[in-house]
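Encoded as structure tokens, the structure appears first; notes follow it.
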Amino acid sequence: HKTIKQGGTFVVEPRRLSKASAELRARGFGEITIPHSTETAEKQASRCTDCGVPFCQNACPLQNNIPDWLRLSAENEPREAWRVASLTSTMPEICGRICPQDRLCEGACTLNVSGWDAVTIGSVEAWLGDQAFANGWVEPIRPKAERAETIGIVGAGPAGLAAADRLRSEGYQVVVYDRHDRAGGLLIYGIPGFKLEKHVVQRRVDRLIEGGVQFVLGCDVGKDVTLSELRDRHDVVLLAMGVYQPRILSAPGRGPDSTVEALQYLTHQNRRDLGDAEQAGWYEASGKRVVVIGGGDTAMDCVRTAIRQGAASVTCLYRRDRENMPGSAREVQNAEEEGVVFEWLGAPKALLSQGDRVTGVRAARMQLTEAAPGERRDIVPVPGADFDIPADIVIEALGFSPEPFAAHEPDLRLRDDGTIRVGAVSFATSLPGVFAAGDAVRGASLVVWAVREGQDAAAEIDRYLKTRTEEVAA
Ligand code: FAD
Ligand code: SF4
């Protein structure tokens, strides 16, 4: 162990998060991080050197006041620490679990930048949240006064839930519409249980319901109700419906049923974890050779799900190298520990099959070119170096674009890529009284950004409704 100076003395510290062994992890879908005890949480929090310039806070999309809640945690004041943590975030225990901290707060931690291991900020944040729920410190939503205005939110993902929390707390009548049968968006059906157990999401949703937020589930806006009906029904509509159109592989041999779509694959497993009865057609990889194409977080979730389902082999095929992959380095490490084989610099070229049955993927070996100054290195195929990977299941995890929004109104302005145009500060769309936030605006992004935008959009909606009321009153 390294020692660091803390309050004038040198202390020996545990440096890393404790994780279950890879062997144990492969047997189930529970979270892999071993939760802190009070003692380990305080020790970890006490590693913060209070460096004076909180780079961690700047690197957090929510600008969480990290040094303050670390200090309070280290001083055995977890309830106060929780209060501070919940000022800036409507779901600290969720972000603490699934933010790619290596690219955010912990990547910027002074200890990390100066060659030590970062304070594992996310783990302390998750611990604080769990303590708060266990000890009844999570405040119920109790608006000071009820307001008559109603807000319809399309999408019960983190952006919609964060906005619902803030708006209901202001006393507005909030109705959240979602086409799924459960609230949570990608928190419930996308992200697997080994990163985020479902009860952690459910207790947040329960708190909103207890606070008076209404959920209309199984309601596909655009089919079951139109946007214009929602605009008639509510004073304001917030669009927070994420991005769900999977990008598809363009390769010879790809037929309609030859590959599996990543989100469907993950949803089926999440439904099993939630106790839903097995349905015909749900994907399962037990005993099969699995190839996952892609290098982002979704691909990492698929390979690690396949390991847990007992796949005979799991290979991740990604066209660039490890340094240039979009997924979190931490997740790649977890996947490698669990037995996933990475074929870096391998671009899918064709799907191989016998009759209707897929038998493998043919890939081109790629190499990186020299980069022009300030540009990313390109990749080109190595001539004559194609290779085949045998497979029984091929999963496509190539990212998502916005779906054509069935409830689209012609005056709703979109960007060329289909995301919704909003005012940079106002979150207002081109339709009066309609706002938008989260992935539907940013494109596929992170939970912490969805929370930030949901909270900011709620503040703007509040301002919009109050100024409008004042204008009417005057
Ligand atoms: P979503 O979470 O997508 O929620 C949108 C909701 O709108 C959904 O519930 C959907 O059912 C509903 N909806 C859509 N259209 C309609 C309609 N027409 N009518 C009614 N309802 C509708 N981010 C991280 O920070 N860490 C991670 O580890 C991580 N892992 C990920 C793993 C996977 C597999 C995926 C796909 C994404 C991951 N992300 C991760 C990204 C993160 O989940 C998203 O950025 C975030 O959920 C976006 O939040 P949102 O509220 O904008 O949208
Ligand atoms: Fe770090 Fe994410 Fe928590 Fe911010 S919200 S402190 S980036 S884990």
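The values are calculated or read from the model by the stated rules, or taken from the named source; none is laboratory data. These figures come from a predicted structure and were not determined experimentally. Note: ideal-geometry Cβ built from the backbone for every residue, glycine included; neighbour counts use all protein chains shown. Just the protein is used for accessible areas: all its heavy atoms, side chains included, with ligands, DNA and RNA removed. Shrake-Rupley method; radii C 1.70, N 1.55, O 1.52, S 1.80 Å.
Computed in the context of the full set of protein chains, the accessible area of segment 275-421 at 1.4 Å probe radius has 47% of its extent on carbon or sulfur. If the chain linking Ser426 and Thr467 were pulled fully straight, counting 0.36 nm for each residue of separation and taking away their Cα-Cα distance, it would gain 13.4 nm.
3J(HN,Hα) couplings calculated from phi for segment 246-254 with the Karplus curve 6.51 cos²θ - 1.76 cosθ + 1.60 (θ = phi - 60°) are, in sequence order, x, 6, 10, 6, 10, 8, x, x, 7 Hz; Gly and Pro show x.
Heavy atoms of the protein chains alone define the surface here; on that basis the chain has 45 Å² accessible area per residue at 1.4 Å probe size. Restriction of the GluC sites (Glu not before Pro) in segment 315-404 to DSSP coil positions whose beta-carbon has at most 12 other beta-carbons within 10 angstrom yields Glu370, Glu375.
What do you get for Rg/Rh over segment 251-399 if you use C-alpha atoms and the Kirkwood form of Rh? Intermediate results must be reported in sequence, preceding the final value.
Details: Rg = 15.8 Å, Rh = 15.9 Å.
Rg/Rh: 0.99.
If N is the number of residues in segment 333-460, what value comes out of its Cα radius of gyration divided by 2.2 N^0.38 Å?
1.53
The spacing between segment 172-228 and segment 22-37, judged by their C-alpha centroids, is 26 Å. The fraction of accessible area contributed by carbon and sulfur in segment 178-260 is 47 percent, rounded to a whole number (1.4 Å probe; ligands and nucleic acids excluded).
For the chain, adding -39500 (n - 2.57) for each run of n ≥ 4 DSSP H residues and dividing by the number of residues yields -10000 deg cm²/dmol at 222 nm. For Gly360, the residues whose modelled amide H falls within less than 5 Å of its own, excluding neighbours fewer than 5 places apart on the same chain, are Leu352, Ala391. Backbone phi angles across segment 280-293, fed through the Karplus curve with coefficients 6.51, -1.76 and 1.60 (θ = phi - 60°), yield HN-Hα couplings of 4, x, 6, 7, 8, 10, 3, x, 9, 8, 10, 10, 10, 9 Hz in residue order; Gly and Pro are listed as x.
With r as the distance between the Cβ atoms of Glu80 and Val53 and R0 = 25 Å, compute the FRET efficiency 1/(1 + (r/R0)^6) and round to 0.05. Show your work: numbers first, answer last.
Numbers: r = 23 Å, r/R0 = 0.93.
Calculated transfer efficiency: 0.60.
Residues of segment 344-362 with an amide N closer than 19 Å to a point placed 7 Å from the Cα of Arg377 along the Cα-to-Cβ direction: 344-348. Cross-link reach is defined here as a Cα-Cα straight distance under 15 Å, omitting same-chain residues fewer than 8 places apart; for Lys144 the aspartates and glutamates meeting it are Asp165, Glu170, Asp462. Over all Cα atoms in the chain, the spread is summed up by Rg and Dmax: 23.4, 76 Å. Counted over the chain, the DSSP beta bridges are approximately 45% antiparallel. Its alpha carbons give segment 3-135 an Rg and a Dmax of 14.2, 45 Å. Among the listed pairs Lys223/Lys349; Lys198/Lys288; Lys198/Lys223; Lys195/Lys288, those with a Cα-Cα distance over 30 Å are Lys223/Lys349. Amide H contacts of Val314: Val290, Val341, each under 5 Å away and 5 or more positions distant or on a separate chain (H built 1.01 Å from N in the peptide plane; Pro and chain starts excluded).
Relative contact order, percent, of the chain when contacts are C-alpha pairs under 8 Å separated by at least 6 residues?
Working: 946 pairs, mean separation 73.6, N = 474.
This gives 16 percent for the chain.
3J(HN,Hα) along segment 379-393, derived from phi through the Karplus expression 6.51 cos²θ - 1.76 cosθ + 1.60 where θ = phi - 60°, amounts to 10, 9, x, 7, x, x, 10, 5, 9, 10, 10, x, 8, 9, 10 Hz, with x in place of Gly and Pro.
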